[in-house]
């Protein structure tokens, strides 16, 4: 790939626009508080808090990885331990980017030939997103945020609407077979094929015990994230930050990302929304910025510290064994077929 071709790919609207939006939102977040004071607070985060965050990140990743494993098993997709860890690590490294969570399905398809169809394995990812979304919405519906009393009702309505949408997709998903013969465009047919694989996958994993296990695991790994969030908040000048307060602040900031189906970048969006929720709890803008930016740095560092070495080691191991080509936009389209 030459420099000209690389620049052409980077400057495409679907690439450059999300980057510009992320940069704008991050700039807004940084302007909401006293950045100088915030940086001083972040620099004072003790090592033991970083160690706690790393421990919570390991627990978070282990439980979430197990969740993906059991969902893929029920879809009769058995990528093997190494491919599973590689795909999951790539997904977690890319999760802050628009549609980044689906990178794990891309890797599963790219390293497994025709064994792991993108659409079918994506149903596992969609279930993970749906369950996580329901959890954060229920947190907001049950606990709420004091200065936003209407939030509890709105969160409950969204949770109900989401569950209803899933039910309708499962109940009437077979209708896609009727419109399939009428679709002639290559791109539309490809998209419809992926949609059919996705719906069939959702129907396969729609089992009460499996959904209950997935829901419980999401509660546990999000609780681990909240513990890290709480300790970081206390270490950056919010000593009385409680678990439930921390849970609602982060749940609110995460809800918009999840409801958008991963289309939005977490970087910038989470910070702006989290600062707003922190202010609704009575914290100052500077406190909110210190909380969100401090956690972004500590948590992202912990996630990368765990996943990046795994990705590097496993990619080198699997690349010659699986004869994986260098990933590019063309490879992604092939993996999606």
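The values are calculated or read from the model by the stated rules, or taken from the named source; none is laboratory data. All of these numbers come straight from a predicted model, not from anything done at the bench. Don't worry about glycine lacking a Cβ; one is built from the backbone with ideal geometry, like all the others, and counts go over all protein chains shown.
Some values worked out for this structure:
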item: Restricting segment 271-286 to residues that are surrounded by fewer than 24 Cβ atoms within 10 Å (Cβ to Cβ), in contact with a helix residue (DSSP H, G or I) (Cβ under 8 Å, 6 or more places away or on another chain) and in a helix (DSSP H, G or I), the residue that is modelled with the lowest pLDDT; result: 272
item: Filter pass, residue 127 being surrounded by fewer than 16 Cβ atoms within 10 Å (Cβ to Cβ), at pLDDT 85 or above and under 24 Å from residue 219 (Cα atoms); result: no
item: Test for residue 315: is it modelled with pLDDT under 90 and either surrounded by 13 or more Cβ atoms within 10 Å (Cβ to Cβ) or under 26 Å from residue 36 (Cβ atoms) (or both); result: yes
item: Residue identified as at pLDDT below 85 and under 30 Å from residue 276 (Cα atoms) among 198, 165; result: 165
item: Residue 249 being at pLDDT 85 or above, within 20 Å of the chain's Cα centre (by Cα) and either farther than 17 Å from residue 139 by Cα or crowded, with 21+ Cβ neighbours inside 10 Å (or both); result: yes
item: Complete set of residues in segment 39-62 that are in a helix (DSSP H, G or I) and over 20 Å from residue 308 (Cβ atoms); result: 39, 40, 41, 42, 43, 47, 48, 49, 52
item: Residue count for segment 80-104, restricted to those that are assigned to a helix (DSSP H, G or I) and under 13 Å from the mean Cα position of the chain (by Cα); result: 12
item: Those residues of segment 199-221 which are in contact (Cβ under 8 Å) with a residue 24 or more places away in the chain and under 18 Å from the mean Cα position of the chain (by Cα), in sequence order; result: 214, 215, 217, 218, 219, 220, 221
item: Yes/no for residue 184 being modelled with pLDDT under 60 and either surrounded by 12 or more Cβ atoms within 10 Å (Cβ to Cβ) or under 30 Å from residue 281 (Cα atoms) (or both); result: no
